[in-house]
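Heads up: the structure comes next, in structure tokens.
The values are calculated or read from the model by the stated rules, or taken from the named source; none is laboratory data. Here the structure is a predicted model, which is why all the values come from computation and not from measurement. Remember, those area values only see protein heavy atoms, side chains included, never the ligands or the DNA or RNA. Shrake-Rupley method; radii C 1.70, N 1.55, O 1.52, S 1.80 Å.
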Amino acid sequence: MDKNLQRLTENKNIIIVGNSVEILRYKKGDFIDSFDTVVRLGKGIPEDRVYENIGRKFDIWVTTWLRIQMNKFVPKHTYALFNESRWNLDYHPPNERIPEDREFHSMFSLEEYQELRKECGTKEGWKKAGERPSNGYVAIKYFLNKCNCKSITLIGFDFFNKKLPFKAGSDYPSSWHIPMNTAEGPIHAPKEKELVLKLHEKGKVNLIQLSNLDEEFLKFT
């Protein structure tokens, strides 16, 4: 572990901010920013209109191949962790897709990603949507297994159960940034909810539920 990541995680109270659409119903910005280290995911970039909901502080960015081009919107001081997990681990995207103006730090080896997939129930040779570990779950496992954090809090995680009542692409969006879904139905492992709740019960992580984890279409006024 390099000294910058150690400085951000060693004996620190960290919070991982999920992209649940439901978080826009709550003013959690000041609470989130009160943590020693704030971790944000993928396209989870603060915007002026949602600062009071999700905060401004941005210490660590966990991104995948899909969202790596969001680099231009991420503050330059932010430490970048690169989640190389993808639907088909045999496929290696070209390195020129990685921006050159920021150092990206790999999170796990491909062998470790395979173990995460097995843990989540991903079938051998699977290449379709519906079972791959989410970026959020990979982040949780990384900070648990690779860092010596004082505490790990999760907020904005509802395991994709809260959705907006309109389609963006092929499915109803479950993230506040309203991604254009290319697959219909769940794209991540349904077993993640069970696994994270077990971590919460054992005191490994603190899962803050905004309301509940039931499936629901949300309406905003």
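Miscellaneous remarks
- Accessible area per residue, Å², the chain with all protein chains present, probe 1.4 Å: 52 Å²
- Candidate lysines - alpha carbon under 16 Å from LYS167, same-chain residues fewer than 8 apart omitted: LYS219
- Apportionment of accessible area to carbon and sulfur, the chain, percent (1.4 Å): 47 percent
- Whether the chain is rounded, prolate or oblate, judged on the alpha carbon gyration tensor where a/c under 1.5 counts as rounded: rounded
- By the helix-only formula, in which each DSSP H run with n ≥ 4 contributes -39500 (n - 2.57) and the sum is divided by residues, the chain has a 222 nm mean residue ellipticity of -6000 deg cm²/dmol.
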